[in-house]
Amino acid sequence: MKKLMILLSVLVMLTACAEDENTYKDDSFSAEQKEISKLYEGYEELQGKDFGLFKMPEHIEPQSFEKAYKFKASVKYGSKDNLEQAKKICKAFFGDQYEENSFTVDNSVFENIHYRDSKGNICDYYDGFTGMCFADRVNLHEANFEGIYRVSTDGEKVIDFGAEKSTVAEVADSARRFFNENISAYSDYHAEPQDIYLFSYGRRKIAEIIYRVEYEGIPFEEYPSPTGRSIDLGNGMTSTSFYSFVQPNLDVFGKDEFSNFHSDPPYVIKSKEEVSKLYSLKDACEILKNGLAEYSLYSFDDVRLMYVNLYTSETPENMMKLTNEEQREFFEKTAAVEREFTPTWAFIMNDNGSGFERKLIKVNAITGEITIDVSN
């Protein structure tokens, strides 16, 4: 998981997910859209099925939702309760060692809140486009990856942290409580622990927990694209297209010993339109079967209906050369842009076995358009 310098991570939120995509629609195949309750009909026969051009996951877990929407949303920028939010999380991080009066505030660009107590504990809360971010106590780039656990299927498996052993379900329950009790910015959504990645770091073990953020049962896309492309517009600006993603994650040394929390900001829904019928999962498979190139050969690890947004923005080539006021103006303007999210079937492949980057082939559940996010 990428842990970046804070101002650079602000820019990454806007640009790092650009992709070298191929989007098209196959008009030679027609399918009748289904009611929401019928989108997973026949999914059992799709499990592990080899369509020739692609192979489906061995296990498909039907999602639970009653409604789907097309909606427009903008980034949640700024908050009146940043200090109270920072206090909640620092208290959760440090427990009995927490010191109420150990905060300072820097308003140079965003409201950045720093915690430094007499016992050497350090946390940093960054507002703006990074949402909530705390300084790492462990650099996962220097850690050794050991394995992935899925909360939905691996609940009884035991994670050995060294100092303690906990089941996947126990770690997920702790992460769920932490989020629900301390992260007020996501009050309009449901955040659920989804995947747990285990690392060894010296003699210690650390787990990174990825949350799935849902709106009424359908998640946002949560992983950045593995590819990127930007176009030089001149005048110190570039144009970048990328898929918006929302990925809160929590690092822990044990089920109740926290190391780091990071989240991209949630979206504020400005308008929405209920969609009563969509292409079903079975239809989406047929669309892929008829729409992929003959030489295609993909093996999917997961498939899920997601809210997907392809967004194109103009961004400064070098954010660090802007003055504080210019940075603030740019981020406020970009945050206000309304992005349209559409229900889309995401067929997912792990990029390198670690799950950190995922390659997706997407089928728009309204239009049937196929988008390929795979490097050539």
Restricting to region 75-114, what's the tally of residues that are modelled with pLDDT of 90 or more and either among the polar types (S, T, N, Q) or not assigned by TED's automatic domain parsing to the domain that holds E181 (or both)?
4
Specify which of the listed residues (K205, K165) is free of Cβ contacts under 8 Å to residues at least 12 places away in the same chain and either in the same structural domain as E257 (by TED's automatic domain parsing) or crowded, with 19+ Cβ neighbours inside 10 Å (or both).
K165
Output the residue which, of all residues in region 35-54 that are surrounded by 15 or more Cβ atoms within 10 Å (Cβ to Cβ) and within 27 Å of the chain's Cα centre (by Cα), is farthest from L288 (Cα to Cα).
I36
F129 fails exactly one of the following numbered conditions: (1) at pLDDT below 85; (2) part of a loop (DSSP other than H, G, I, E, B). What is the number of that condition?
(2)
Just give me the residues in region 244-299 being modelled with pLDDT under 85 and aliphatic (A, V, I, L, M), in sequence order.
V246, A293
Among S241, S200, S225, which is at pLDDT below 85, out of contact with any Pro (no Cβ under 9 Å at 6 or more places or on another chain) and not in a loop (DSSP other than H, G, I, E, B)?
S241
Which ones in region 172-189 are crowded, with 16+ Cβ neighbours inside 10 Å and more than 19 Å from C90 (Cα to Cα)?
A172, D173, Y189
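Checking the conditions here, which among Y211, Y186 is among the hydroxyl-bearing types (S, T, Y), within 25 Å of M306 (Cβ to Cβ) and modelled with pLDDT of 90 or more?
Values: Y186 fails: modelled with pLDDT of 90 or more.
Only one candidate qualifies: Y211.
How many of the residues in region 150-174 are among the polar types (S, T, N, Q) and part of a strand (DSSP E or B)?
Here the count works out to 2.
The values are calculated or read from the model by the stated rules, or taken from the named source; none is laboratory data. No experiment lies behind these values; they were computed from the predicted model shown. When we count neighbours, we look across all protein chains shown, and the Cβ atoms used for this are built from the backbone with ideal geometry, even at glycine.
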